[in-house]
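See below for the structure under consideration.
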Amino acid sequence: MEKTKEKLIEAATNLGEGIGLNRAVCQIYALLYLSDHPLSPTEIGKILGMSKGNVSINLRTLEQWDAVKKIWRKGYSRALYTANENIEEIVLNKLKTGIEKRLKYIKPIISLAKENPSHSDENFSEKINQIEKLLSKIEFFLGNFETIKSLITK
């Protein structure tokens with residue numbers, strides 16, 4: 001693989017890791033995005049130095065995100081993969097999913113803290129109220145996500 005592609009894949013991987021994505025997922029997506037033709041899992045593994053199992057697991061993850069597509073070609077016994085080139089859509093949808101997942105985790109904890117305060121400290125209660133206000137704003141953002149997405153992807 002040429003040096004420029006290697007550097008772009010590494011940069012995309014670092015960016016993805018910075019927002020909490022799996023390193024292998026980022027590498028595979030970046031490789032497929034930069035590739036001018038579909039690649040097999042075997043080719044992906046050889047280029048990136050990954051095991052077939054690791055490639056397979058992470059391709060399934062990318063398929064769930066609609067970030068890659070399977071392509072069947074005559075003469076090939078296995079599927080080839082190509083990247084969905086709509087990066088904005090993929091990143092924004094993944095961001096939304098990640099926020100929703102974290103909200104589902106924290107909301108019950110905040111409710112529990114409000115119902116059974118372990119601290120009679122007024123400062124603690126105020127902090128919980130501030131967190132609730134933030135969560136409310138995040139939920140408002142998520143409720144209007146499609147509108148916001150349409151504005152920023154024009």
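What 222 nm value per residue comes from the helices of the chain, counting each DSSP H run with n ≥ 4 as -39,500 (n - 2.57) and dividing by all residues, nearest 500 deg cm²/dmol? Don't jump to the answer; show the numbers that get you there.
Details: 7 runs with 108 residues, N = 154.
Helix-only estimate at 222 nm: -23000 deg cm²/dmol.
To the nearest 20 debye, what charge dipole does the range 87-152 have about its Cα centre, counting +1 at the Cβ of each Lys and Arg and -1 at the Cβ of each Asp and Glu?
Numbers: 11 positive and 10 negative charges, 43 e Å.
The dipole of the range 87-152 has a size of about 200 debye.
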- Item | Positive-end residue of I148, I138, G98, charge dipole of the chain with Cβ unit charges | G98
- Net dipole in debye of the range 3-83 [+1 Lys, Arg Cβ; -1 Asp, Glu Cβ; about Cα centre; nearest 20]: 340
- Taking only Cα atoms, what is the 0 to 90° angle, nearest 10, from helix 122-143's long axis to the longest principal axis of the chain? 40
- Task: Mind putting together the pair-distance distribution for the range 87-152? All Cα pairs, 5 Å bins, whole percent per bin, short to long.
- Result: 3, 15, 22, 19, 14, 10, 8, 5, 3, 0
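What is the packing order of peptides 97-105, 33-41, taking the mean over residues of other C-beta atoms within 10 Å and listing the highest first? Walk me through the numbers on the way to the answer.
On the way: 97-105: 11.9, 33-41: 15.6.
Ranking the peptides 97-105, 33-41 by packing returns 33-41, 97-105.
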- Space enclosed by the convex hull of the alpha-carbon atoms of the chain, per residue, Å³: 162
- Determine Rg/Rh for the range 3-83; Rg is computed over alpha-carbon atoms and Rh is the Kirkwood hydrodynamic estimate from the same atoms. 0.95
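For the range 1-89, state which GluC sites (Glu not before Pro) are in a DSSP loop and have at most 11 other beta carbons lying within 10 Å of their beta carbon. Don't jump to the answer; show the numbers that get you there.
Numbers: sites: E2, E6, E10, E17, E43, E63, E85, E88, E89; in loops: E2, E85.
Passing sites in the range 1-89 are E2, E85.
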- Message: With just the Cα atoms defining each centre, how far is the range 1-32 from the range 77-119? Give it in Å.
- Response: 21
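A short reminder: the numbers here are calculations on the coordinates, not readings from a lab. These figures come from a predicted structure and were not determined experimentally. So basically every Cβ, Gly included, is an ideal-geometry build from the backbone, and we count neighbours across all protein chains shown.
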